[in-house]
Structures are given as C-alpha cells and as structure tokens.
2 protein chains.
Amino acid sequence: MHQTFNATANPAQGPARLAQLRETLDAQGLAGFVIPRADAHQGEYVAARDERLQWLTGFTGSAGFCIVLPDIAGVFIDGRYRTQVKTQVDLAHFTPVAWPEVKPGPWIVDHLAQGTIGFDPWLHTAEEIETLEKTLKDTAITLCPTTNLVDKIWPDQPEAPLGKAFIHPDALAGRTSADKRATLAADLRKAGQTAMIITLPDSLCWLLNIRGADVPRNPILHGFAILHDDARLTLFAEPEKFDDETRAHLGPQVEIRPPTAFIPALHTLQGAVRVDRTTAPLAVSRELTEARVDSVWGEDLCRLPKACKTDAEIAATRTAHLRDGAAMVEFLCWLDDQAPKGGLTEIDVVTALEGFRRATNQLHDISFDTICGSGPHGAIMHYRVTDSSNRAVTPGELLLVDSGAQYVDGTTDITRTMAIGPPPKTGPDGAAAAYTRVLQGMIAISRVRWPRGLAGRDLDPLARYPLWLAGMDFDHGTGHGVGAFLSVHEGPQRISKVSDVPLQPGMILSNEPGYYREGAFGIRLENLIVVTPAPKLGDDRDQLCFETLTFVPLDRRLIDATMLSVGEREWLDAYHAEVAAKLAPRVSDTAKLWLATATAPL
Amino acid sequence: MHQTFNATANPAQGPARLAQLRETLDAQGLAGFVIPRADAHQGEYVAARDERLQWLTGFTGSAGFCIVLPDIAGVFIDGRYRTQVKTQVDLAHFTPVAWPEVKPGPWIVDHLAQGTIGFDPWLHTAEEIETLEKTLKDTAITLCPTTNLVDKIWPDQPEAPLGKAFIHPDALAGRTSADKRATLAADLRKAGQTAMIITLPDSLCWLLNIRGADVPRNPILHGFAILHDDARLTLFAEPEKFDDETRAHLGPQVEIRPPTAFIPALHTLQGAVRVDRTTAPLAVSRELTEARVDSVWGEDLCRLPKACKTDAEIAATRTAHLRDGAAMVEFLCWLDDQAPKGGLTEIDVVTALEGFRRATNQLHDISFDTICGSGPHGAIMHYRVTDSSNRAVTPGELLLVDSGAQYVDGTTDITRTMAIGPPPKTGPDGAAAAYTRVLQGMIAISRVRWPRGLAGRDLDPLARYPLWLAGMDFDHGTGHGVGAFLSVHEGPQRISKVSDVPLQPGMILSNEPGYYREGAFGIRLENLIVVTPAPKLGDDRDQLCFETLTFVPLDRRLIDATMLSVGEREWLDAYHAEVAAKLAPRVSDTAKLWLATATAPL
C-alpha cells in the first residue's frame, strides 16, 4: 500500500524546538529565520530531510512556510489548510497567517522594527527573495542568506535520499537523450550562452530519459546538472544511485559527479550561463556571481519541449489511461455494490481503489495521495483522509474521489463524484443541478476548438460559464499540466486565469472544474486531455483542440438532462459510447454489466 | 443628410504631389517622410486639413499611413482596405503594403540603405516613434522630427476647424466639471505631480462637460489642456469657438487661451508633469524636455472615470436607446415591406434609415457612416457604400446594417442582419446556421456574470465559442467602448483578446460577434451593454454582469431554434418580450403590428 493514513503531526514538540531555534538565531545575531516547505528542487514532494517545516511546527501540509521572529512565529498557510493548521501546531507558540492574502513582507514589518532575517539560499528562488526584498525596501530590516539553522538543531535529521535511478526507454520517450541535448545545445549557442544550469528534477529526468526514486509519488531523481553548449552534460548526483546499465544508457557525453562537486564546477564555467530565476535556488546565481561568471536569466529550456509530448509519449499515455480506466471501472462497480449498504469509510474506499490499481500488476506508484471526501469532506478541496478524520461513506450523500497512478507508460489523474445510493435532492439549488453545471464546464473544455496561439487563460472562462450563470464558481484553476511518467503537476502549461503560455500540440492537461458547498458537498470532474491540431471543419482555420485521454463513466444519476444543450448531450453520449467500447474488453464480467448501464445514452 | 456617397479619391493627382514632396525632401536633406492619417489628437475622424494621406495618395480609408522613400512610396493599409486602396492610388507610383503583417521598420530597411526620415512630431505619439526607432536600431537610418512637409506643398490646405463649443448639461453628465477636476487634481497631488497634459478631445470634453463640432460624427472639440494640481485648467483652443454662455459654464477656474499659447505654456511648468505616452503627440514631451520640465509618463487620468459612466449618463443613454430603437423598428418595418419587392439599393437603405432617425427630431448626427452591405458586401467588415459601389438589395440574400446615432443624451451603435424575402438555404453550412452561432455568441455575452476583476480578454472567448466549434470565427474584437454623447469608439474598455483592462461598473461596450463568408454574405449582431453589479444569486459571490441597452428585434427568420439551448432560447424570448413592451408605445401603428410578429416567442 502506497498511501498511509496516520497524521504524523505532533504539536507538543514545537515549542522546545522553536526556543532552540531562537537561541541559535541570537547566537548568530539574527532577528529571524524563514523555514519554507521546500527543497533545492522546488518540488511538490520533498524528502524526509526536507520536512523542516513539519519538524519545527508540526504542520504537515504540502505548502506553506514559517517566519520565526523574536516575539512571534507565523505559519503561513493557504486556504486549503486554514483548519488543519489549527490542530497541528501549538497555538500558544505558533500563529497561523492567512497567506497569500497576508504577504510576508508587510507581516514582517508589522512584527519587527529592525534586524536581519536569515534564510537558506538553497531553498528559495532568486525571484522569491527579490520579491520579498522589494517589500522590505525603505525599512531597517534586511535579508541575509545563511546556512540552514534548522538543520543545525535537528539532531536526527534524515539523510538525503539515495533512490536508484532507472532507464526510461527511448521507445516510450520518443526521442533519445542525445537528440534532446543536441537541440537544447543548439538553442544555447543561438542565444550566445555556453551552458545552462538545470535544477528541476523533472527537467533532468526528461532530458536524460531516466527516472528516479528520491521522493514518493513523483518518479524523479534529485540532482543538479550543467548542460554545455556542445551537448555534454555534467550530472551532480550521488554516484551510487546509478547502476552500470543506467550509466551505459546515459552514455559517454554524460558525466556523473557527486553533489559536492556542483559548486566548484560552477566556478569553472566561462561565458554566459543560463539560469532560471523562477526555479533555480538563489544559491546557484550567488555562486556564479561570486565566481564572476556571467549568469543570464532565462527559462529552463527543458520545460517547453518536456510539456509538448512526443507521439510516442502520447501513445503510451493512452495505453496507461485505458489500463487505469479499467481499474477505475472495477472500483466504481465495487463501490456501487458496497457503498449503498453502508459501513464503508473513506479509508476503505482509498484502500480498495489502490487495490484495483495494484491488480493491474503495473502500478509503479500512485501519482498523489487519493483525495476521497464523503459528504461535507468533498468540499475540502485538497482533503487527505487520516485515521482521525476518517468519515463514513453515507447513502444519500455524494462521494468525491480524486486519484491517479504512475505507470511506466504514463501518469494518470482522474476525479469522479458519485451519488452513494439515492441521489441527493434535486432542484436548482441541489447537488444534481450543481453537478450538471460542473459537467457542462468540463464538456465545454472537451469540445472547444480554438485559434492557435491562445493560452490557458483564454479557455478558462468556458469551464466556469455554466457555474457563473448561477452565481457559482470554483476557487482553483481549471487545469494543470501533467507529465509522461513524471510529475502529475508540471509546468508551464495550465488552464487558469493566470496562464499566458500559449497551448501547443502535445501538451497534456487536466480538465477539472468543480463546485464546493462548504459543510454540504463537493463536486469535481476531471479528465486528462492532450492538445492536438483540430480536424478540418468549416472555414478550415488553423485551430487546435483537445483529445480526451481519460475514459471512465460520469455518474448519469447526477445529471439533469433538461439543462444540457443538444451539443452537450451528444458529446456525453458519444463519450460514454467510447468508454464502453474501449473498456468493456478490459474488465471483469461483473464490471462489464455495470459498465453497460453506466454508459447508456441519456 | 449627414452621410454622403461620393468617393473623393482622385488617383490622378498623386504622382505630381509625390514628386513635389520628394523635391522638398531633397532640399531638406531628408531621405524620406512619414504621412499618417492622423491629427494631433489621435482621433478616428480628422478635420479636412488633416487629410494629408488622402491629399497625397488618393486613399480615403479611415486608417493607414504612407512612407515616402526615394525609390518607393508605401501605402500601409490594414485588411479592411486591401481592395479599396488599389482603386484609389496610382499603382505606378504608390505601393500598397499589407500592414500590420508588414511592419514599417523592416520595410524601411528593405528599401533604404541609409539616411534620415522626417516625421511631424504632432501627428505621432511618443510610443509610436519609440517602437519604430527600436526596429531601426543598428541601421544607418534615423528618424528626425521636422515641420510637416506635406503642409508646405499643399497650397489650398483647409484651415483648422472652428466648430462652436456647447454646454453638455451637468444633469446629463451626472457630475460637475469642478467635481471631476477636483478629483483628478487630488490624484495628481497624490502622485506628486503638479499638472497633467490633456490632448485627447473626448477627455477634454468629458472633463469640462462641453461638446464641440470640429469633426463629423464625434461631437468633440479640438484643443489641448493643462490640468493643474489645484484643479485649475488652461484650455488651449480658438477663443472664437466659445460663446458667453459656454464661457460662463466653464467658470473662472478654466482659462481659455489660443492654441499658439500652448507651447510657451509648457515651458512655464514646474514640478513633475504627467503625459500619456500612448496618446499625447511626441511634440509635447519633446517641448517639456527642451524646457527642462520633468515629464512623467502616466495614463490620461480622464480615461477611466470617463469610461465608467455615472448613473445619470446611463439613465440618459437608456432613453437615447429607446428613441433609437423606435426609429430602427420603423426602419425595419419599412425594409420588410419594401425590400422583398426588389428595386432598393444600399444607398436607398442608408438614406431611409437616416430619415427615420432624423424624424425623431433629436438627431444631432449619426455616430458613424452607416455600413450597409447587401449579399457579398456584408462580408466586407467596414464597407461604406459609395455611388460607384452601390449594390441592389436582393431578395434571397442577407442585408447587414451597422449604424448609430448621436443624441445629446447618448450615443448608439447597433447592427442587425436581415433576410431579404425568403431566407437563404438552410443546413449546417447555410446562413441560418451561421446566424444562429453568431446569435449564440451574442447571447453568451448578454447573459454572462463574472467575478469582479476580469478583463474583456476573459469574456471574448465566450462570444466565439459557438463559431469555433464549427471551424468558424471573426477577425475583429467582440466589443469596443462607447461614449456618452461622445466617441462611438472609446477606450480603455474593450472585449478583445488584447484587452487586459478590468471591466468596471458603468462601462458601456458593444457586444458584436459576426461571421463573414467572403463573396457570399456577412452577419453581425450588435447590442450596446453596460457593466453593472450582478443581482444576488447562488453563493452570493461578487459578480458583475451586463445590462443590455439596445432594444431592437433580431431576425427570427434566420434563427435555427433547434441549435439553441433552453437558456439561450429563454434569453431571446425574454429579450424580445422586453423589446415589444418598451417599443410598442413608441412606434406607429404599422410598425406596432410588425413589431408584434418580429418579437413573438420562438
């Protein structure tokens, strides 16, 4: 079982650790210190040694940071964690701060007259620190990079992970690493740059056609790299992570050196060196400056080609989605049989779902901890069930299940919301009306064709329009980028009001509008989709469209068919027909019967 | 009659004038000269003396510019004028250039090795010249402001207009000029600025609650102004434009001085002076620099409050729209009676429509030359009928009529597309299907409620989605800002993929999706709408919505009702019911009968 349900937070230890940190600060002449939940690779999942925020405060959320000052220690958490933080930290010593509504700069100024605040430059990007520094301009407060003072007082801090790297076959990647490196090296030469620093693990894994095992959920390798303009690459990662086979796959143009060699290597660089200010740790550009190397800000050149999947990656991902869809159908069939009887809990559901995925014999990992919210828990957008929060799956309520898998041929991410037993009350205010509006938004994105050149921002309103009309909305993006057996959240592609990145063929995204009624229910429907040139139609304009990758029934019992347009209804019936055709041959006889009913035309 | 139909272009005179201009350039040591269709106020309509482009080249379009070089004279025109330009200029001497696809900078570099190109700094903004200069960097070509060399060789150039200014009553404006000036002066003081230069006539008219008569169609006054941070204003305009009554209305805080006093006055300013680099002539900032006055770039402070109409302006505009709607209904009733018999031409239609508006006895002007395109002419987006282009209004075809009026209580702009006699063939490729998709886009904008803070860019896709789905689109924005008895095209509000200006209550916009099939037909449907807080609904989120201002039937004979969703159909029927209720009491008995049929539920 990949997922666990114990909440490891222990508020009791925080105060003593905080006191010890303040002593250390005093000794260093510092007035404060910043502790982010971050590692040097800006990853969503961090290794145990990087769980500094949790160790210090008790807070286990996946995002946030603590700013320790002499008289206050603020734990900055976003909307998802406002309730959770209160149960996980000692509120006499730690103060939750509603972020990003409250910005760290003004908060510091409110609580500190003057002094120096330390931070670990490996855990913050240049952009982050510059933004914070701007807000402290014209005050008597300064920021100063230091060694990590939490590491100093954490006696049993775990070691850095040593997960084994492994080959991601060229056949699945669709391009060799040599080809990718040659293309990027040409880009560097064209830009007059001699090298690029790579700090993002998924960039590294994509570029080298390898995967790793340094953190859960994301099959990534922790390491840094320097790509030279002649296509050679120096990889700074623990040599013991690489067996002979992987070394042979990397080839003679890739040199593996220990992480300790990274900083000295920066000092040997010459010419203009490309660094991504939005993702690279500040420490990297500081070292380059110290070494008098000419560092130039520029986006990590791996990000865009990594986002635009090759035909081979898309084909493999399609296969992964059919396998995952079949497991989902077995799961939904089981759920429909068991849940209406009562007695199931959220943890039972999560466990069963992982079991169905495991039964494929090809589950590498789940792609994130399953979100399984029954009734009012569905309204908590990033709910992760624990032993203490575990709730019964209750007939007459909704159940929201957001889950995914890592298979070597692709990463999946799917959300379905189901009626448990008889659907909740109908009417314009009811769950079915809300479900139908969310579905309409999802269908709008599924059907859209648009002129090449538009960004996710331009499509985002289409997913919200049916909700807006009823005075409703959802407070998250419509879609995030998804990797090919890589991170389930990858950039730069998004469907979001803040995304100006033009959508390009091959980009995989989620399509996941939702609706959340606090204390009552949550609805989210999510398919993965891939950008593709649109087939000829009408005036034969240059349009792009989405191909849907996810094939799993949507709960027909929650759809108010009278609200759908002819086109929406046709899409849904065609989708369900395709689900049935693709999955019936792949599921058990019991599931086949369930599938036929679940995919019947409206 | 306001509109005329004679095409004044005379290609024959161009070559001699061009030769004379080149002689003048030689004498000045210049290699070239830029002749924009522009005045010092960046207006859409220019006075006769500013029709330099037309005088030199023969081209009469409403936008474009000519760059004269030793061996070539390029006439830069956008997509609207590609055909027209060929009939209006002598192609042996003038070369049409497809702009903005071809940019002036690279074009100049292609046709000139080195030398200095002159331009009149009163006719270009600072931003324009900077953009052009950037593209000439690293070449041996420079730009140099000079006197206007066309004016030098234009013997009978008309004088500057001397239209009388007149009072725009405070009751219609909803705020006194003193109040507006006090607010803006406070904004200046807050920004640490001592004065703002105003060069846009609609800003000036809005700020002073006056109107003018210096150009056709837009009731604006040509002039410059300096607003001081104590709310005093110096207005530079011909004193004879102002009668005693208008002077009294302007009050003692507004000093009128002749235009010749403007430059000397710039030299007397002290402190930081605000100039809008996107709208002020480059000459203004050059003079300030020469006078060592500290000029600061900043948006014209009138633009946003002018765009956000007061309750009084909105109420007055509603009245204007009902009057205009009644005239339109009389017109459509007449058209439906006459046109199917055959024998009408486009000019007959334009003339009749102006007649119906004139019959209200309140027509100040039309708000632009009516676009009346029969059959294939409908596909020419900015078609303006002339004696030579005039075409029969033919039964079995579509007729597109885009028109508007200036009344002292409001500016209107409306487009309807009608079937003349029996509607053209149906089917997914037919005019009715296209009409219905355009209508669906218009309805989507009419119905939308959106979270406060979004810009026109965020709503634009909603108007196109029904067309996109069929591989169709339209190559213009969905909506432009509209003034209150001011310019029919005003900024900064727009519904367009290039508009990041957040929509705010009180902004009036057009809602005008279209579809154009070259050589066959054009469809455009346009209502004016005003942004307003949305009534409470659903989760009571802070949403804005549009109130529709235009009430005129949409041609039911062209609607394929099977394509509409329940919501779209309900909107249309409700709209038509409102049209009938509002207009029936305002039209003739004949028109009343027609109206009842035209507004019947689908």
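The values are calculated or read from the model by the stated rules, or taken from the named source; none is laboratory data. Keep in mind that what you see is a predicted model, and the values were worked out from it rather than measured. FYI the Cβ positions are ideal-geometry reconstructions off the backbone, even for glycines, and counts take in every protein chain you see. Accessible surface areas use protein heavy atoms only, side chains included; no ligands, DNA or RNA. Shrake-Rupley method; radii C 1.70, N 1.55, O 1.52, S 1.80 Å.
Taking the stretch A:417-449 as the region of interest, how many residues are over 17 Å from A:Arg569 (Cβ atoms), away from chain B (no Cβ under 14 Å) and out of contact with any Pro (no Cβ under 8 Å at 6 or more places or on another chain)?
Matching residues across the stretch A:417-449 total 7.
Is one or more of the residues making up the stretch A:9-32 under 27 Å from the mean Cα position of the chain (by Cα) and part of a loop (DSSP other than H, G, I, E, B)?
Checked the stretch A:9-32: at least one residue is under 27 Å from the mean Cα position of the chain (by Cα) and part of a loop (DSSP other than H, G, I, E, B).
Go through the residues of the stretch B:385-393 one by one and say whether even a single one is of a type in the set (D, E, K, R), open to solvent by 30 Å² or more (accessible area, probe 1.4 Å) and touching a helix residue (DSSP H, G or I) at 6+ places or on another chain (Cβ under 8 Å). If you could, list the steps in order and put the result at the bottom.
Kept after step one, since they are of a type in the set (D, E, K, R), are these residues of the stretch B:385-393: B:387, B:391.
Checking which are open to solvent by 30 Å² or more (accessible area, probe 1.4 Å) leaves us with B:387, B:391.
Cutting the leftovers down to touching a helix residue (DSSP H, G or I) at 6+ places or on another chain (Cβ under 8 Å) gives us B:387, B:391.
Taking every residue of the stretch B:385-393 in turn, at least one turns out to be of a type in the set (D, E, K, R), open to solvent by 30 Å² or more (accessible area, probe 1.4 Å) and touching a helix residue (DSSP H, G or I) at 6+ places or on another chain (Cβ under 8 Å).
If a residue has to be more than 11 Å from chain A (Cβ to nearest Cβ) and either part of a helix (DSSP H, G or I) or in contact with a Cys (Cβ under 8 Å, 6 or more places away or on another chain) (or both) to count, how many in the stretch B:450-461 make the cut?
The initial filter retains those residues of the stretch B:450-461 that are more than 11 Å from chain A (Cβ to nearest Cβ), namely B:452, B:456.
Still in the list and also either part of a helix (DSSP H, G or I) or in contact with a Cys (Cβ under 8 Å, 6 or more places away or on another chain) (or both): B:456.
Qualifying residue count for the region: 1.
Which of the strands (runs of 3 or more DSSP E) contained wholly in the stretch A:463-561 include at least 2 residues that are away from chain B (no Cβ under 14 Å) and under 26 Å from A:Ala312 (Cα atoms)? Even if it seems obvious, please write down each step before you answer.
Numbers: elements: A:479-481, A:490-495, A:508-511, A:514-517, A:521-524, A:527-533, A:543-548.
Filter on the stretch A:463-561 gives A:479-481, A:490-495, A:508-511, A:527-533, A:543-548.
Picking from A:Ala327, A:Ala339, A:Ala315, which residue would you name as being of a type in the set (A, V, I, L, M, F, W, C) and either surrounded by fewer than 21 Cβ atoms within 10 Å (Cβ to Cβ) or in a strand (DSSP E or B) (or both)?
Details: A:Ala327 fails: either surrounded by fewer than 21 Cβ atoms within 10 Å (Cβ to Cβ) or in a strand (DSSP E or B) (or both); A:Ala339 fails: either surrounded by fewer than 21 Cβ atoms within 10 Å (Cβ to Cβ) or in a strand (DSSP E or B) (or both).
The conditions single out A:Ala315.
All but one of (1) surrounded by 15 or more Cβ atoms within 10 Å (Cβ to Cβ); (2) over 28 Å from the mean Cα position of the chain (by Cα); (3) part of a helix (DSSP H, G or I) hold for B:Lys180; state the number of the condition that does not hold.
The failed condition is (2).
Just to be sure I understand, how many residues within the stretch B:101-118 are surrounded by fewer than 19 Cβ atoms within 10 Å (Cβ to Cβ), out of contact with any Asp or Glu (no Cβ under 7 Å at 6 or more places or on another chain) and either touching a residue at least 24 places away in the same chain (Cβ under 8 Å) or in a loop (DSSP other than H, G, I, E, B) (or both)?
We begin by selecting, within the stretch B:101-118, every residue surrounded by fewer than 19 Cβ atoms within 10 Å (Cβ to Cβ); these are B:101-103, B:105-106, B:109-111, B:113-116.
Restricting the remaining residues to those that are out of contact with any Asp or Glu (no Cβ under 7 Å at 6 or more places or on another chain) gives B:101-103, B:105-106, B:109-110, B:113-116.
So of that shortlist, the ones also either touching a residue at least 24 places away in the same chain (Cβ under 8 Å) or in a loop (DSSP other than H, G, I, E, B) (or both) come out as B:101-103, B:105-106, B:109, B:113-116.
Final tally of qualifying residues: 10.
Count, please, the residues in the stretch A:33-55 that happen to be in a loop (DSSP other than H, G, I, E, B), closer than 25 Å to A:Glu133 by Cβ and of a type outside the set (Lys, Arg). Break it down stepwise before answering.
Looking only at the stretch A:33-55, we keep the residues that are in a loop (DSSP other than H, G, I, E, B), and these are A:37-47, A:51.
Remaining after also requiring closer than 25 Å to A:Glu133 by Cβ: A:37-43, A:46.
Among the residues that remain, those that are also of a type outside the set (Lys, Arg) are: A:38-43, A:46.
So the count comes out to 7.
Hey, among B:Leu564, B:Leu593, which residue is away from chain A (no Cβ under 14 Å) and modelled with pLDDT of 95 or more?
Step by step, each of B:Leu564, B:Leu593 is checked, and only B:Leu593 is away from chain A (no Cβ under 14 Å) and modelled with pLDDT of 95 or more.
Return the residues of the stretch B:147-177 that are open to solvent by 30 Å² or more (accessible area, probe 1.4 Å) and hydroxyl-bearing (Ser, Thr, Tyr); say none if nothing qualifies.
Listed by number, the residues that qualify are B:Thr147, B:Thr176.
For the stretch A:352-384: of the residues being at pLDDT below 95 and within 13 Å of A:Phe5 (Cβ to Cβ), which is surrounded by the most Cβ atoms within 10 Å (Cβ to Cβ)?
Out of the qualifying residues, it is A:Tyr383.
Looking at B:Val89 and the list (1) touching a Ser or Thr at 6+ places or on another chain (Cβ under 6 Å); (2) on the phi > 0 side of the Ramachandran plot, which single condition is not satisfied?
(2)
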